[in-house]
Amino acid sequence: MENQYIPGEVEAKWQEFWAQNESYRAEVLADKPKYYLLEMFPYPSGRIHMGHVRNYAIGDVVARFKRLQGCNVLHPMGWDAFGMPAENAAIEHGTHPGKWTYENIDSMRVQLKRIGLSYDWSREFATCDLDYYRWEQLIFLKMYEKGLAYKKTSNVNWCEDCQTVLANEQVEDGCCWRCHNQVIQKELDQWFFRITRYADELLDETWNLKGWPEKVLAMQRNWIGKSHGCEIEFVVKDSAAKVKVFTTRADTLFGATFMSLAPEHPLVDSLVSAQQRTEVEAFIAEVSRQDKLDRTSGELEKKGVFTGSYCINPLTGEELPVFLANFVLMDYGTGAVMAVPAHDQRDFEFAHKYQLPIRVVIQPEGASLTADALEEAMTGSGLLINSGKFDGISNEAAKEKIASFLDERNQGHMTVNYRLRDWGVSRQRYWGTPIPIIYCDSCGAVPVPEKDLPVKLPMDVEITGEGGSPLARHEAFLNVDCPTCGSPARRESDTFDTFVESSWYFARYACPQYAQAPLDTDEANYWMSVDQYIGGIEHAVMHLLYARFFTKVLRDLGMIEASEPFTNLLTQGMVCKETQRCAEHGWLYPEQVEEGKCTGCGKPVEIGRTEKMSKSKKNVVDPNELIANYGADTARLFSLFAAPPEKDLEWNEQGVEGCYRFLGRVWRAVHDNLDLLGSKADVAGLVGTTSELRRKTHQTIRKVSEDVDGRFHFNTAISSVMELVNAIYACDRKQESPEVLREAIESVVRLLSPFVPHICEELWQRLGYEGGIEKHGWPTWEDAALLTTEIELVIQVNGKVRGKVRVAADADNSVLEQAALSEANVVRFVAGKQVCKVICVPGRLINIVVSG
RNA sequence: GCGAGAGUGGCGGAAUUGGUAGACGCGCCAGAUUUAGGAUCUGGUGUCCCGUGGCGUGGGGGUUCGAGUCCCCCCUCUCGCACCA
């Protein structure tokens, strides 16, 4: 290795050094504050993409910075290794999902190591490791004991393509979040986690998560969807049946003129009169044919059908016709809505369409609404009318009054309702954690006794993609004796949703080899919670909510003290790139374009919009090639420099070049000056000395420290180091003291080391230091070095800049005023006018206010 | 429709508490070096008429000595949620 910057050599050397020295191994230490930094672990698809590079580069800066600051840093990495792509690969190529997954892990580990990330690799695990999922099975058994895991028959979202169930939040626009196939409703027996038991805590804690982006918290609150209201029972006329409704508007009960039920409502069959049956069945069939996308699209025409039954308004005794309506969802509330057309827009439209009565029961202040005159529902506040003894009171007060009146008469009560549903975790898949349950004809569903864990996923399976889960056909796996009565029984063949694994992996990193329980309580309590979690915004609801839920469950099982998994959350933006398209060949990869022409046919290429990098749009950059061309340090530097972490990053090849050039500039700044620098010990003697370069050095140390610590403004931190490098190039090396020059250069190297660790380690060594750059800690700035005797002051006249003067830093206002008023250009603007006021902002500017 | 965020040069972006708008980088222009190209180094680069001047942070109004930043109205874009009873 000579005086030329050859990234490949430098990077290989230091990656080897870090591995040999186990530089990033974490262990419990009493004398340092712990800092747990975690990036969302990847699915082992086989190749890393730029999104990973960005995510992990951001995390690595924080890890290295905290370590330099003297923290005891835990920075682990592993693999979210169960899931469908492994089975799809098995179907396509005949490779066993396990083999495919572990081979992918091996190649991705190599790629990640090539980036030079400071992980404690000794803690690595994959969620498909028996030693991981066995503990998940134990957690499930404990949850089962506490009633937190239960089985129920329900209509589930079913993807025909994946042959599996999807949670509500895994359905996007009515399609499977993974394969984008149409999702249908299917009745199945399924395992659920009772996340709703934690709904209030999950909601309330969002107000304490100060280190989370408001956006994510809002999404979670929205998702939980708590609303206060009233449950009211409506007796069905000539029947013992009662229809329960949930309403947030009990104050409008006197205005209810009909009832709307979801077509899937369980009472529908008993409510339908013989006369109406044909029509109702046709309607139900029509609605069930509509996909969920259409049904929840808002644009949908409101449609319904009369059942032939009536129910009784509990307050007025009136008979209300019961309708089925396409916009009422069985998923929310009770699946039944009391319809108040005067005060609800949907009911209003529905009433008009089917000529149902409209009765105004709330009169806004100073108006007198009549039903005939209404052009839309009146949803505002006012005083009650047409409401018997409640007339005249405000509708807000009436909500509670009417509810308690109903309560007294056993016709209803105040309640809360949540949008959040329990989490369905059964998946009809092979490559996942087996659910440890045995079905016995006489004993029912029996949990696998703890001593019989783990339930191992059998390796000898045939994966064809046909006929559902391979486990359901695997007789050797299925056949088992009932643990309770000993008679022949069958195992549960479903496996867990893979979100279960990612709901507690962060805690397992504290004690990945622990063999007695899911968590070593001491280790877990030392490291948890994660101080900083970093990942994509796309996990704002699902993964982050499930992880919060699991943490609370683990706490209540006595396995951990923490209530929340992630103290601070950073959601990084996507990596985007401009798309390119050829009229003949469609989307083109960057290398298929030369000088704006398609390499296939020579036609001009159309530049499309900038979009998230994706294979389908071919606007991807392969990190492996990038690193091969420029080195890992350049790849990291560009990911960090081009945009602040939370914003989308636009990939730009020329920007990458610029970063590479900058590293070359840093490299030369060291080598070109090595002969001038003198002994390294001299730097300590500089305390108290000032010079322009030294001031710039210490300003930069302060700026970078402040930008990195908590603010994560890596782009501005890097740009300030670029300024320092520019200052080093600009200074007159013959005039500048070698010590000041050395201090400046050393500072550049030390300040850049969290961002581009390899080159900095190398330069640090070439500057005469041994044993790695981290042991020297983070540089500190000296306040005295920031001081200047003279400053430049801006002079404004009426708020416009008219001149600048150099003044003594400690000059008082009257001196400044004098200097300002005598500056030549300022004189021009003040001449002939009256000075009304002079405003001095210390260290910044003087504003002279004139009139006339 | 509701909620959150954003809108600044040719481009990515900076301006942390109301105080010189455009740091830093890319691109572009010029110069130096070089047989040439590349690389490197130096300088310039918001915009408008030649200027020491005018204009300029999506648009319009306001507060202030002073507004990218605060307040009101409007437009556009992105993300999330959505017939939520």
Count of residues meeting criterion [of a type in the set (S, T, N, Q) and surrounded by fewer than 24 Cβ atoms within 10 Å (Cβ to Cβ)] in the stretch A:231-254: 2
Single match in A:ARG490, A:ARG473, A:ARG508 (criterion: in contact (Cβ under 8 Å) with a residue 12 or more places away in the chain, among the basic types (Lys, Arg) and open to solvent by 10 Å² or more (accessible area, probe 1.4 Å)): A:ARG490
Selection count where residues are over 27 Å from the mean Cα position of the chain (by Cα), within 11 Å of RNA strand B (Cβ to nearest atom) and touching a residue at least 40 places away in the same chain (Cβ under 8 Å), scope the stretch A:701-744: 6
Search result, residues across the stretch A:28-73 that are buried (at least 16 other Cβ atoms within 10 Å of the Cβ), farther than 17 Å from A:ASN568 by Cα and among the hydroxyl-bearing types (Ser, Thr, Tyr): A:TYR43
Positions within the stretch A:475-501 being part of a loop (DSSP other than H, G, I, E, B) and either within 16 Å of A:GLU450 (Cα to Cα) or not aliphatic (A, V, I, L, M) (or both), in sequence order: A:CYS482, A:PRO483, A:THR484, A:CYS485, A:GLY486, A:SER487, A:GLU492, A:SER493, A:ASP494, A:ASP497, A:THR498, A:PHE499
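Residues checked against (1) modelled with pLDDT of 95 or more; (2) in a loop (DSSP other than H, G, I, E, B); (3) within 15 Å of RNA strand B (Cβ to nearest atom):
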site: A:ALA398; (1), (2), (3): no, no, yes
site: A:ASN410; (1), (2), (3): no, yes, no
site: A:THR415; (1), (2), (3): no, no, yes
site: A:LEU420; (1), (2), (3): no, yes, yes
site: A:ARG429; (1), (2), (3): no, yes, no
site: A:ILE438; (1), (2), (3): yes, no, no
Any pair with Cβ under 7 angstrom, 6 or more apart, that starts in the stretch A:823-852 at a residue that is within 23 Å of A:THR788 (Cβ to Cβ) and ends at one that is open to solvent by 70 Å² or more (accessible area, probe 1.4 Å) and part of a helix (DSSP H, G or I): A:CYS840/A:ASN813
Count - residues of the stretch A:710-724 that are open to solvent by 10 Å² or more (accessible area, probe 1.4 Å) and among the β-branched types (Val, Ile, Thr): 1
Residue in the stretch A:522-530 that is over 12 Å from the mean Cα position of the chain (by Cα), away from RNA strand B (no atom under 16 Å from the Cβ) and aromatic (Phe, Trp, Tyr) present: yes
Filter result for A:GLU214 (within 24 Å of the chain's Cα centre (by Cα), under 30 Å from A:LEU554 (Cβ atoms) and touching a residue at least 12 places away in the same chain (Cβ under 8 Å)): no
Any hit, the stretch A:670-686, residues being within 11 Å of RNA strand B (Cβ to nearest atom), assigned to a helix (DSSP H, G or I), closer than 27 Å to A:ASN3 by Cα and at pLDDT 90 or above: no
Conditions (1) of a type outside the set (Ser, Thr, Tyr); (2) in a helix (DSSP H, G or I); (3) surrounded by fewer than 19 Cβ atoms within 10 Å (Cβ to Cβ); (4) more than 26 Å from the chain's Cα centre (by Cα): number failed by A:ARG25: (2)
So A:GLY772, is it more than 13 Å from RNA strand B (Cβ to nearest atom) and touching a residue at least 60 places away in the same chain (Cβ under 8 Å): yes
Tally, over the stretch A:37-63, of residues that are in contact with a His (Cβ under 7 Å, 6 or more places away or on another chain) and either hydroxyl-bearing (Ser, Thr, Tyr) or in a loop (DSSP other than H, G, I, E, B) (or both): 2
Residue within the stretch A:618-634 that is within 30 Å of A:ILE48 (Cα to Cα), within 16 Å of RNA strand B (Cβ to nearest atom) and modelled with pLDDT under 90 present: yes
Qualifying position, being open to solvent by 80 Å² or more (accessible area, probe 1.4 Å) and part of a helix (DSSP H, G or I), among A:ARG828, A:ARG806: A:ARG828
Top-ranked residue of the stretch A:831-848 - restricted to ones that are closer than 22 Å to A:ALA811 by Cβ, part of a strand (DSSP E or B) and of a type outside the set (Val, Ile, Thr), ranked as nearest to RNA strand B (Cβ to nearest atom): A:ASN847
Qualifying position, being more than 30 Å from A:PHE566 (Cα to Cα), open to solvent by 10 Å² or more (accessible area, probe 1.4 Å) and of a type outside the set (Ser, Thr, Tyr), among A:GLU466, A:GLU523: A:GLU466
Test result for A:GLY664, within 20 Å of A:MET722 (Cα to Cα), away from RNA strand B (no atom under 14 Å from the Cβ) and surrounded by 13 or more Cβ atoms within 10 Å (Cβ to Cβ): no
From the options A:LEU315, A:LEU383, A:LEU374, A:LEU324, residue that is open to solvent by less than 60 Å² (accessible area, probe 1.4 Å) and without any contact (Cβ under 8 Å) to a residue 60 or more places away in the chain: A:LEU374
Which numbered condition A:ALA218 misses (of (1) within 19 Å of A:TYR546 (Cα to Cα); (2) open to solvent by less than 20 Å² (accessible area, probe 1.4 Å); (3) modelled with pLDDT under 90): (2)
Residue tally, condition assigned to a helix (DSSP H, G or I) and either surrounded by fewer than 17 Cβ atoms within 10 Å (Cβ to Cβ) or free of Cβ contacts under 8 Å to residues at least 60 places away in the same chain (or both), over the stretch A:775-796: 5
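The values are calculated or read from the model by the stated rules, or taken from the named source; none is laboratory data. Bear in mind the structure is a predicted one, so any value in this text is a computation, not a measurement. We place every Cβ from the backbone using ideal geometry, glycine too, and count neighbours over all the protein chains shown. Keep in mind that these areas ignore ligands, DNA and RNA; they rest on the heavy atoms of the full protein, side chains included. Shrake-Rupley method; radii C 1.70, N 1.55, O 1.52, S 1.80 Å.
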